[in-house]
Amino acid sequence: MNTRIHKIVTYIALILISALPFSVDVLADAEKKQSVTSSSNADKSSLALKRKVLNEKNQQIASEARDSVSGTQQALRDLEKNNPKAARAILQEVSKKLTTILAKNPDLELVSADIEADIFDFEGDANAIKKEIKQADDLLDTGKLQSARQILSGLGSEMRITTLSIPLSTFPVAIENAVALIDAGNTTEAASVLDEVLNTLVERTEIIPLPILRAEALLTEASKVEHKEDMSKEKSRAEVLKLADAAKEKLKVAELLGYGGKKDYKLLYTAVDEIKETMHSEKSAATWTKVKQILADLRNKIIQPKK
C-alpha cells in the first residue's frame, strides 16, 4: 500500500470511529458513487449475516436482565405519573429477577440486557474502493477537506453490534433503595435514584467488518466442498479454488477499507494460497486449521468493543 493510500486509510479509520453526523454539498458525481446502506436496504447477504450474528448474540441475553431494565423504566414512568403503588410493585419484581441473575452467576459483573445491530455496507468491489480513495486523496490535496470527508464517510462495510448491560454491583442496590424511598413517601427521590441507575447501564459497541465475515463463509464452504464424496477431485478442486479466490477478493476489500494492517492480510493471503498446494493431501487438514486460526486472530484483533 503506497503512502497516499495509507494516508487515506488512516483517515477512514478516524471517520469510522467518530461516526459524527455531517451534511455538506459536494460534487454530484461523488454523491452518485457513495454507497452506504443501512439495515433497511442492505443486500440479502448482509441481512443474513446480521441474523446469524444476532442469533448468536441473543443467546447471551438473560430474559431476567431485559425485563429488569424495562421494568425499571416503567417504574420511573409510574413515579413521574404519581403512581408509587404501581412503581413499587414493578420494582419488587425487578429485585426478584436481579436476585435470580446473581444466584446463577455470583461472580458476574455485567449481564447483557439488550442488543441491536446496524449495518453500513459499501456496495462496490476493490476497484471501486480504489477509485473512491483516489478521488478523496485528490480532494484532500486541493484542500477540499469536507468534500473528501463526505466520500470517506461511505467507505465502510461493517455491522455495529451494540450491547446494553446491567452493572450487577450497583443496579440491585439502587432498586432496593428506590423501594425504601417509596415506602418512606419520598417518591421524588426514588425517581431520581431510578433515573441515575438507568444512566449507569453499560453500552458497548463491536464493529464487525462484513467482508471478513463473507470471506470466512466462503472459506468454510470451500472446506466442505473439498470433502464432498459425491464430487470428483477435479470438480471439487475447481470449485474450491473459485471459492478461495472469491474469499481473497473479500479480504482485499477489508484491507482497503482499513480493517487491520497490511501484515495481517499478507499472512492470510499466503495461508489461503496454500490451500491450492495441499488440497486432497494429508496436509489439507492442517492448512484449513491454519487458515481458520489466522482468520479468527484477525477478527479478534479488529473487533474491539467501544464504550
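The values are calculated or read from the model by the stated rules, or taken from the named source; none is laboratory data. Small disclaimer: the values here were computed from a predicted structure and weren't measured. Using ideal geometry, Cβ is built from the backbone for each residue, glycine included, and neighbour counts are taken over all protein chains shown.
Tabulated data for the structure shown
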item: Any helices (runs of 4 or more DSSP H) falling wholly within segment 123-200 and containing at least 2 residues that are hydroxyl-bearing (Ser, Thr, Tyr); result: 187-198
item: Checklist (1) surrounded by fewer than 20 Cβ atoms within 10 Å (Cβ to Cβ); (2) out of contact with any Leu (no Cβ under 7 Å at 6 or more places or on another chain) applied to Gly154, failing item; result: (1)
item: Segment 139-164: number of residues that are hydroxyl-bearing (Ser, Thr, Tyr) and without any contact (Cβ under 8 Å) to a residue 60 or more places away in the chain; result: 2
item: Single match in Ala222, Ala190, Ala180, Ala244 (criterion: within 30 Å of Val94 (Cβ to Cβ) and touching a residue at least 24 places away in the same chain (Cβ under 8 Å)); result: Ala190
item: Among (1) over 27 Å from the mean Cα position of the chain (by Cα); (2) among the charged types (D, E, K, R); (3) assigned to a strand (DSSP E or B) - the single one Lys97 does not satisfy; result: (3)
item: Counted residues, segment 207-224 - those being crowded, with 17+ Cβ neighbours inside 10 Å and farther than 19 Å from Phe122 by Cβ; result: 3
item: Breaking point among (1) closer than 30 Å to Asn177 by Cα; (2) surrounded by 20 or more Cβ atoms within 10 Å (Cβ to Cβ), for Met159; result: (1)
item: Leading residue by the ranking (farthest from Thr200 (Cα to Cα)) among those in segment 112-156 that are in contact with a strand residue (DSSP E or B) (Cβ under 9 Å, 6 or more places away or on another chain) and charged (D, E, K, R); result: Glu132
item: So Ile119, is it touching a residue at least 60 places away in the same chain (Cβ under 8 Å) and under 21 Å from the mean Cα position of the chain (by Cα); result: yes
item: Residues of segment 239-268 that turn out to be within 14 Å of Glu216 (Cβ to Cβ), at pLDDT below 90 and of a type in the set (Lys, Arg), as a count; result: 0
